[in-house]
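**Q** Pasting a structure below so you can have a look.
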Ligand SMILES: Nc1ncnc2c1ncn2[C@@H]1O[C@H](COP(=O)(O)OP(=O)(O)O)[C@@H](O)[C@H]1O
Ligand SMILES: [Mg+2]
Ligand SMILES: [Zn+2]
């Protein structure tokens with residue numbers, strides 16, 4: 001391809017709509033353009049890179065034995081009602097109406113469709129294992145689309161669904177997908193970490209997310225450099241010690257004391273009060289099915305809502321509003337507590353077990369209670385692990401300190417069990433002729449997000465650092481003088497022809513621009529290899545070969561072709 005004939009609208013300035021490096025570079029390198037918030041057009045170069053990611057995904061899915069299909073993006077709401085997700089996923093579902101005013105759903109994912117297909121086509125254990133995948137556009141009514149392709153309203157996903165007759169077979173299908181994901185992300189030039197993920201209110205089954213470590217990621221993960229344990233913080237545990245139970249006088253009675261204007265754990269930990277955060281009980285009020293519940297944590301801990309969902313068995317809850325809290329407990333946030341509260345459920349974090357000598361709100365604005373003893377003064381309805389782990393806490397597996405880092409979720413493998421096969425009747429007969437629901441797994445890769453994650457992980461101050469595997473073009477040839485009859489352009493054309501004919505993706509920068517502009521643009525777009533052709537070096541029989549981010553090499557033309565091919569093989 002010749003630069004002058006394609007469209008590569010590079011930008012000198014960073015567009016104000018972009019906050020993170022990869023989003024800025026997608027725009028500046030002329031790979032995508034925004035239509036409106038959360039919706040993007042892929043320009044020729046962006047699309048080439050996207051197709052390469054797709055092809056890697058396709059090759060590895062095929063290699064793992066998955067079968068490619070293509071399902072409709074437009075789906076009947078009835079199957080969503082049947083699975084129960086018409087309600088539980090309603091926040092992300094885009095709905096449209098046809099001319100007869102009938103409602104349809106734009107698919108955010110395809111468990112319902114694939115399970116309906118399998119219900120009709122597979123009825124014997126002999127037809128399994130089966131794994132179907134597709135690479136397709138998904139629609140999600142995201143609350144906060146942002147960061148370009150990272151969280152969009154419309155994006156391309158590879159979704160795969162496995163169906164097995166036995167648990168062991170389902171486990172093997174899961175392992176195959178996990179291994180395929182490891183290969184896919186490595187081939188895309190990405191360093192990823194597979195972390196244990198929260199399985200939501202379904203519980204029991206397991207799941208891994210593939211994370212690209214990045215400060216701009218929307219997820220937080222905890223990992224242990226010593227033993228390799230890694231988990232999304234929504235799921236991560238740690239070997240944390242019990243909250244303070246070292247009170248001097250174990251049987252000291254409760255005392256109320258005035259704390260005017262003290263509304264936070266922090267304020268109470270400062271003079272004149274000086275109660276350390278870990279000696280305070282933090283009381284939160286959440287509404288579950290319009291009933292208030294009290295959640296107790298050590299004052300130095302933060303609530304993990306994913307763990308709360310697991311403990312409650314539902315993800316439908318929200319923090320109480322000030323008004324609701326006041327009418328339930330008679331005080332405002334900052335003075336809340338659970339002492340002698342018996343009319344509401346009280347769920348406490350396990351760290352508080354046996355805690356005594358604690359301080360907590362008195363349910364009277366401007367007052368707190370000290371010498372509070374769990375069990376004696378506070379009746380806990382149920383105990384659960386509810387806290388967010390923190391960096392430095394001891395690993396559950398080996399006791400070494402954990403690290404906490406942000407990451408971008410590019411892929412997700414999930415053992416589903418029989419939730420969908422039961423709801424949508426994907427039943428099969430086993431060897432003895434008994435009917436069972438198929439055991440399912442689902443496996444997603446955000447293809448468009450993966451593309452952006454490559455850029456987020458691989459860039460420098462000059463632009464993108466593509467790996468050969470997903471670069472829009474592997475080589476950019478930059479003649480410094482484009483006069484058609486000149487030696488420079490002739491040499492450039494020869495190199496272009498030779499490399500193209502041997503199957504290399506090569507772009508010829510035939511624009512009538514200053515060398516500085518051309519070099520800057522090729523660094524910005526980030527082609528892995530650049531071949532510069534100029535009068536001076538050509539006079540000595542040389543062309544200039546440069547790997548993106550590497551040193552300049554002067555080589556004879558033929559050597560340059562050989563070296564280029566060698567570098568491409570290396571990736
Ligand atoms: N709004 C989005 N924009 C771009 N990619 C997304 C979006 N939502 C999900 N993805 C990608 O699709 C993959 C599979 O989706 P899934 O695990 O169902 O999403 P989530 O974790 O957001 O519920 C995710 O790992 C992510 O890479
Ligand atoms: Mg996910
Ligand atoms: Zn460890």
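**Q** Residue check: is residue 160 modelled with pLDDT of 95 or more, away from ligand 3 (no atom under 16 Å from the Cβ) and part of a helix (DSSP H, G or I)?
**A** In short, no.
**Q** Taking the condition over 25 Å from the mean Cα position of the chain (by Cα), surrounded by fewer than 24 Cβ atoms within 10 Å (Cβ to Cβ) and at pLDDT 95 or above, does residue 457 pass?
**A** Here the answer is no, as residue 457 does not meet what is asked.
**Q** Would you kindly identify the strands (runs of 3 or more DSSP E) lying entirely within segment 247-329 that contain at least 1 residues that are in contact with a helix residue (DSSP H, G or I) (Cβ under 6 Å, 6 or more places away or on another chain)?
**A** Passing ranges, in order: 281-288, 291-298.
**Q** Tell me, please, whether a residue that is more than 25 Å from residue 222 (Cα to Cα), near ligand 1 (Cβ under 9 Å from one of its atoms), surrounded by 21 or more Cβ atoms within 10 Å (Cβ to Cβ) and in contact (Cβ under 8 Å) with a residue 40 or more places away in the chain can be found in segment 159-178.
**A** Taking every residue of segment 159-178 in turn, at least one turns out to be more than 25 Å from residue 222 (Cα to Cα), near ligand 1 (Cβ under 9 Å from one of its atoms), surrounded by 21 or more Cβ atoms within 10 Å (Cβ to Cβ) and in contact (Cβ under 8 Å) with a residue 40 or more places away in the chain.
**Q** With the structure loaded, tell me whether residue 147 is in contact with a helix residue (DSSP H, G or I) (Cβ under 8 Å, 6 or more places away or on another chain), closer than 30 Å to residue 456 by Cα and either modelled with pLDDT of 95 or more or within 16 Å of ligand 3 (Cβ to nearest atom) (or both) or whether it fails that test.
**A** Taking the combined requirement at face value, the residue satisfies it.
**Q** Pairs only if they're at least six apart or on different chains, beta carbon under 9 angstrom, first in segment 407-423 and within 13 Å of residue 157 (Cβ to Cβ) and within 16 Å of ligand 3 (Cβ to nearest atom), second assigned to a strand (DSSP E or B) and at pLDDT 95 or above; list them, first residue then second.
**A** Within 9 Å, no pair qualifies.
**Q** I'd like to know if segment 325-337 contains one or more residues that are under 29 Å from the mean Cα position of the chain (by Cα) and at negative phi.
**A** No: zero hits.
**Q** If you don't mind, there's one more thing I want to ask. Based on what the data block shows, is residue 489 buried (at least 20 other Cβ atoms within 10 Å of the Cβ) and modelled with pLDDT of 95 or more?
**A** No: the conditions fail for residue 489.
**Q** Pull up segment 205-237, narrow it to residues that are surrounded by fewer than 21 Cβ atoms within 10 Å (Cβ to Cβ) and within 11 Å of residue 194 (Cα to Cα), then point me to the one that is farthest from ligand 3 (Cβ to nearest atom).
**A** The extreme case among them is 213.
**Q** Another question, then. Taking the residues in segment 546-564 that are farther than 21 Å from residue 490 by Cβ and touching a residue at least 40 places away in the same chain (Cβ under 8 Å) as candidates, determine which candidate is surrounded by the most Cβ atoms within 10 Å (Cβ to Cβ).
**A** Per the stated criteria, the residue is 548.
**Q** Let me ask something else. Quick one: in segment 154-169, which of the residues that are closer than 17 Å to residue 444 by Cβ and more than 16 Å from ligand 2 (Cβ to nearest atom) is nearest to the chain's Cα centre (by Cα)?
**A** For segment 154-169, the residue satisfying everything is 154.
**Q** Sticking with this structure for a sec: Looking only at segment 12-21, decide whether some residue is in a helix (DSSP H, G or I) and within 10 Å of residue 525 (Cα to Cα).
**A** No, segment 12-21 has no match at all.
**Q** May I pose another question? Considering segment 166-184 alone, what residues qualify as being more than 17 Å from residue 414 (Cβ to Cβ) and either in contact with a strand residue (DSSP E or B) (Cβ under 6 Å, 6 or more places away or on another chain) or assigned to a helix (DSSP H, G or I) (or both)?
**A** 168, 183
**Q** Run residue 549 past the list (1) in contact with a strand residue (DSSP E or B) (Cβ under 7 Å, 6 or more places away or on another chain); (2) more than 19 Å from residue 464 (Cβ to Cβ); (3) at pLDDT below 95 and report the number of the one that doesn't hold.
**A** Result: residue 549 passes all but (2).
**Q** Could you identify the single residue in 468, 525, 543 that is buried (at least 18 other Cβ atoms within 10 Å of the Cβ) and more than 22 Å from residue 53 (Cα to Cα)?
**A** 543
**Q** Which residues, taken from segment 388-418, are at pLDDT 95 or above, within 16 Å of ligand 1 (Cβ to nearest atom) and more than 30 Å from residue 351 (Cβ to Cβ)?
**A** Within segment 388-418, 408, 410, 411, 413 meet the criteria.
**Q** Going by what's in this entry, would residue 336 be described as under 19 Å from residue 372 (Cα atoms), at pLDDT 95 or above, in contact with a helix residue (DSSP H, G or I) (Cβ under 9 Å, 6 or more places away or on another chain) and assigned to a helix (DSSP H, G or I)?
**A** Considered against the rule, which asks whether it is under 19 Å from residue 372 (Cα atoms), at pLDDT 95 or above, in contact with a helix residue (DSSP H, G or I) (Cβ under 9 Å, 6 or more places away or on another chain) and assigned to a helix (DSSP H, G or I), residue 336 comes out as no.
**Q** Same structure again: Could you please find all residues in segment 100-147 being in a strand (DSSP E or B), crowded, with 19+ Cβ neighbours inside 10 Å and out of contact with any strand residue (DSSP E or B) (no Cβ under 9 Å at 6 or more places or on another chain)?
**A** Listed by number, the list is empty, since nothing qualifies.
**Q** What are the residues in segment 41-56 that are in contact (Cβ under 8 Å) with a residue 12 or more places away in the chain, touching a helix residue (DSSP H, G or I) at 6+ places or on another chain (Cβ under 8 Å) and either under 18 Å from residue 410 (Cβ atoms) or not in a helix (DSSP H, G or I) (or both), if any?
**A** If the condition is that a residue be in contact (Cβ under 8 Å) with a residue 12 or more places away in the chain, touching a helix residue (DSSP H, G or I) at 6+ places or on another chain (Cβ under 8 Å) and either under 18 Å from residue 410 (Cβ atoms) or not in a helix (DSSP H, G or I) (or both), then 46, 49, 50, 53, 54, 56 are the ones that fit.
The values are calculated or read from the model by the stated rules, or taken from the named source; none is laboratory data. Quantities reported herein were computed from a predicted structural model and do not represent experimental measurements. Cβ coordinates were reconstructed from backbone atoms using ideal geometry, including for glycine residues, and neighbour counts include every protein chain displayed.
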